[in-house]
Amino acid sequence: MQVIDLATMPLRDMNATLQAQGAETNQRAWEIANPRGAHAIAVGLDAPIAVRVAGSTGYYCAGMNQQAEITVTGSAGPGVAENMMSGKVVIEGDASQYAGATGHGGLLVIRGNAASRCGISMKGIDIVVEGNVGHMSAFMAQSGRLVVCGDAGDALGDSLYEARLYVRGSVRSLGADCIEKEMRAEHLAELEELLSAAGSDAVAGDFRRYGSARQLYHFNIDNAY
């Protein structure tokens, strides 16, 4: 395993080192020591490498990730895995607001809780939160899946498009155009696959499904006044 100590290597040099790894690299395992809440750790990676961040991080950790598997042993600040394209990001603690924002693909796993706006404007990413999520989660979510093993705050799924939301606990309130939907066999199978990929022991049959009522897709003259 290659170890980068942020107590001695500048953050910019650390990111440049990881970003320089290509598909053929034989240095597949990395550890980042002493992150000390620094921002933008392990961003813009595009190689099939495994990166372990030994501690908590600040803003935008693992942003724009492609291919890499990134594990944070602590908690993460706002915008973790923002605009993620592929790969896997695991936060072993809690995540601050807008985790997984605008993500296009890959899997984001949060072992603890996620704050407000988790999955905002998600565009294909899968997010599994083993704890609770805050208000306005999945706001304007376009596609992908958000799985919440705990409870959801106010305005879940406000103005969402075609993303699928699964919640095991209570939902404080649903946002505009978000409704509860039937959980059919294909949804149970999909959810079981997501939970397995996330390493969660939650039971798919305990969840409820939410999605778009599709009432905001078209202009309504009554809404103009």
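The values are calculated or read from the model by the stated rules, or taken from the named source; none is laboratory data. Just so it is clear, the model here is predicted, and its values are computed rather than measured. All Cβ positions, even for glycine, are placed from backbone atoms using ideal geometry, and neighbour counts span all protein chains on display.
Below, the figures for the structure above:
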item: Pairs with Cβ under 6 Å, 6+ apart, first in segment 26-43 and surrounded by fewer than 16 Cβ atoms within 10 Å (Cβ to Cβ), second not in a loop (DSSP other than H, G, I, E, B) and not hydroxyl-bearing (Ser, Thr, Tyr); result: GLN27/GLN2; ALA29/ALA50; ASN34/ASP5
item: Whichever residue in segment 183-205 is aliphatic (A, V, I, L, M), in contact (Cβ under 8 Å) with a residue 40 or more places away in the chain and surrounded by 16 or more Cβ atoms within 10 Å (Cβ to Cβ) and, among such residues, is farthest from GLY112 (Cα to Cα); result: LEU191
item: Number of positions in segment 188-215 that are assigned to a helix (DSSP H, G or I) and either modelled with pLDDT under 95 or charged (D, E, K, R) (or both); result: 4
item: Contacts under 7 angstrom Cβ, first residue in segment 114-126 being closer than 15 Å to TYR166 by Cα and among the acidic types (Asp, Glu), partner buried (at least 19 other Cβ atoms within 10 Å of the Cβ) and modelled with pLDDT of 95 or more, 6 or more apart; result: ASP126/LEU107; ASP126/GLY144; ASP126/ARG145; ASP126/LEU194
item: Boolean, GLY58 is over 14 Å from the mean Cα position of the chain (by Cα), farther than 25 Å from SER170 by Cβ and either in a loop (DSSP other than H, G, I, E, B) or in the same structural domain as ALA20 (by TED's automatic domain parsing) (or both); result: yes
